[in-house]
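*Asks:* I have a structure I would like to understand better, so I am pasting it below and will then ask my questions one at a time.
The values are calculated or read from the model by the stated rules, or taken from the named source; none is laboratory data. Everything numeric in this text was worked out from a predicted model, so none of it was measured. Here the Cβ is made from the backbone with ideal geometry for all residues, glycine too, and neighbour counts use every protein chain on show.
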Amino acid sequence: MIRLDPATASPAAAPPTVPAWALAAGAPSDADAAFRAGAALGALDTLAGAQPAWAGAWRQRLALNCAVASMRLAGRAEGEGALRDAWQLCPAGADPGPAGAIFAAWRQLAGQHPVATPERLEKIAGQLGFHWDEAAVADLCAEIEKLRASQRPAPFAAAAIAAHTVAMRPDAELLAWWLADLVLAQSLRWPRPLPLAMAQAFGSSFRAEAGGKRIRPGEKGFERAVCVALVQAAADACRLAAELSRRAEKLLAVAPKLRAKGAGDVIFMLLNEDAVSGSLTTKNLSRFAARRLFDRLQQLEAVRELSGRASFRLFGL
């Protein structure tokens, strides 16, 4: 029988929600859009600084959502399933391919402190499919530091770095969205960024009118569009947190019923990852034992099978 840290297993308060008035339909003015964004980010701020047991899975699920939207921007067709496969089925140290590399960039954003160094940005640019010389990367780092020191309101700082990136290189919009979330986290003093904006890039927030041309970074109305998009992004993130909180509570409730050696390690992974391979092996768990454990967790309705396959299955909250 496994034992969990009581502090980790204790039930957490219900995740916050974005106020309904902030999500009201209509075309808000610039000032109203900024005010709504502040309210939405204020609700999300509580979650961003907290460390519930399921925080890792939540952040990585947000990363997956942004990676899916990135595929469209990159002219690719991979969806959730293909991205999970690119990451989960790639041997350690092997090239995950273009889609897997983009997913890895968003995973890194969600898992590391919001620090911009030339080495990090050069690596991220490469994962997103761009090669930037040292001077360009240094310029980006300097602009990020300038925005951090300026203390501009967080949505406007995020919009500014996205616009600056695209002005430097029009084909680097994918990097612009990645940096927008990093600068947003810096401005709000979050311990780790939340992948948010990219998932909204093709939504109605960035359309001047229904069916109209998409507003790109730096174009007229972009700052206002970022504010409106962050309201929706925060609401989506809060809803996802509430969903994962309920699922994590159920997983932790059935934990004492699991007798497999190494089950605690699997539960830890499920709480911290978007998906876990159903045939993983650890020092305490064989591939066969892992399969039996996940079958048991499915019977207890404590996990979901995410791949839809009979083999090479993936599980998550």
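*Asks:* Which one of these is in a helix (DSSP H, G or I), surrounded by fewer than 21 Cβ atoms within 10 Å (Cβ to Cβ) and not hydroxyl-bearing (Ser, Thr, Tyr): 296, 259, 224?
*Replies:* Details: 259 fails: in a helix (DSSP H, G or I); 224 fails: surrounded by fewer than 21 Cβ atoms within 10 Å (Cβ to Cβ).
Of the residues listed, the single one that is in a helix (DSSP H, G or I), surrounded by fewer than 21 Cβ atoms within 10 Å (Cβ to Cβ) and not hydroxyl-bearing (Ser, Thr, Tyr) is 296.
*Asks:* Something else about it: Just to verify a result, which residue in the stretch 132-162, among those that are in a loop (DSSP other than H, G, I, E, B) and more than 18 Å from residue 121 (Cα to Cα), is modelled with the lowest pLDDT?
*Replies:* So, considering only residues that are in a loop (DSSP other than H, G, I, E, B) and more than 18 Å from residue 121 (Cα to Cα), the one modelled with the lowest pLDDT is 151.
*Asks:* Turning to a different aspect of this structure: Scan the stretch 46-69 residue by residue and report those that are more than 12 Å from residue 244 (Cα to Cα) and at pLDDT 95 or above.
*Replies:* Of everything in the stretch 46-69, those that are more than 12 Å from residue 244 (Cα to Cα) and at pLDDT 95 or above turn out to be 63, 64, 65, 66, 67, 68, 69.
*Asks:* Every residue in the stretch 56-86 that is hydrophobic (A, V, I, L, M, F, W, C) and touching a residue at least 24 places away in the same chain (Cβ under 8 Å), please. Don't jump to the end; show me each part of the working.
*Replies:* Residues of the stretch 56-86 that are hydrophobic (A, V, I, L, M, F, W, C), as a first pass: 57-58, 62-64, 66-69, 71, 73-74, 77, 82-83, 86.
Of everything in the stretch 56-86, those that are hydrophobic (A, V, I, L, M, F, W, C) and touching a residue at least 24 places away in the same chain (Cβ under 8 Å) turn out to be 57, 58, 62, 63, 64, 66, 67, 68, 69, 71, 73, 74.
*Asks:* Something else: From (1) in the same structural domain as residue 179 (by TED's automatic domain parsing); (2) surrounded by fewer than 16 Cβ atoms within 10 Å (Cβ to Cβ); (3) modelled with pLDDT under 95, pick out the condition that doesn't hold for residue 21.
*Replies:* Looking at each condition in turn, residue 21 falls short on (1).
*Asks:* Tell me yes or no: at least one residue of the stretch 243-250 is closer than 30 Å to residue 172 by Cβ, among the small types (Gly, Ala, Ser) and surrounded by 15 or more Cβ atoms within 10 Å (Cβ to Cβ).
*Replies:* No, the stretch 243-250 has no match at all.
For every residue, the table says whether it meets (1) over 22 Å from the mean Cα position of the chain (by Cα); (2) in a helix (DSSP H, G or I); (3) under 27 Å from residue 250 (Cβ atoms).
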| site | (1), (2), (3) |
| --- | --- |
| 15 | no, no, yes |
| 25 | yes, no, no |
| 28 | yes, no, no |
| 32 | yes, yes, no |
| 38 | no, yes, no |
| 85 | no, yes, yes |
| 90 | no, no, no |
| 95 | no, no, no |
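*Asks:* Check off (1) in contact (Cβ under 8 Å) with a residue 40 or more places away in the chain; (2) surrounded by fewer than 19 Cβ atoms within 10 Å (Cβ to Cβ); (3) hydroxyl-bearing (Ser, Thr, Tyr) for residue 282 and give me the number that stays unchecked.
*Replies:* Going through the list (1) in contact (Cβ under 8 Å) with a residue 40 or more places away in the chain; (2) surrounded by fewer than 19 Cβ atoms within 10 Å (Cβ to Cβ); (3) hydroxyl-bearing (Ser, Thr, Tyr), residue 282 breaks only (1).
*Asks:* Just checking, does the stretch 113-122 include any residue being surrounded by 22 or more Cβ atoms within 10 Å (Cβ to Cβ), in contact (Cβ under 8 Å) with a residue 60 or more places away in the chain and touching a Leu at 6+ places or on another chain (Cβ under 6 Å)?
*Replies:* No.
*Asks:* Select, from 247, 239, 292, 313, the only residue that is over 20 Å from residue 53 (Cβ atoms), out of contact with any strand residue (DSSP E or B) (no Cβ under 6 Å at 6 or more places or on another chain) and not hydroxyl-bearing (Ser, Thr, Tyr).
*Replies:* Answer to the selection: 292.
*Asks:* Separate question: Hey, could you check the stretch 299-310 for residues that are surrounded by fewer than 17 Cβ atoms within 10 Å (Cβ to Cβ) and among the hydrophobic types (A, V, I, L, M, F, W, C) and say which is farthest from residue 57 (Cα to Cα)?
*Replies:* It comes out as 310.
*Asks:* Go through the stretch 114-149 and count every residue that is over 19 Å from residue 197 (Cβ atoms) and among the polar types (S, T, N, Q).
*Replies:* Within the stretch 114-149, residues that are over 19 Å from residue 197 (Cβ atoms) and among the polar types (S, T, N, Q) number 1.
*Asks:* Something else now. Out of 225, 289, 233, 255, I need the residue that is touching a residue at least 12 places away in the same chain (Cβ under 8 Å) and out of contact with any Lys or Arg (no Cβ under 9 Å at 6 or more places or on another chain). Which one?
*Replies:* Going through 225, 289, 233, 255 in turn, just one is touching a residue at least 12 places away in the same chain (Cβ under 8 Å) and out of contact with any Lys or Arg (no Cβ under 9 Å at 6 or more places or on another chain): 233.
*Asks:* Of all residues in the stretch 78-96, which are modelled with pLDDT of 95 or more and aliphatic (A, V, I, L, M)?
*Replies:* Across the stretch 78-96, the qualifying residues are 82, 83.
*Asks:* A further question on this structure: For the subset of the stretch 193-221 comprising residues that are in contact with a Lys or Arg (Cβ under 7 Å, 6 or more places away or on another chain) and not hydrophobic (A, V, I, L, M, F, W, C), which member is surrounded by the fewest Cβ atoms within 10 Å (Cβ to Cβ)?
*Replies:* Step by step, filter the stretch 193-221, then rank; the result is 214.
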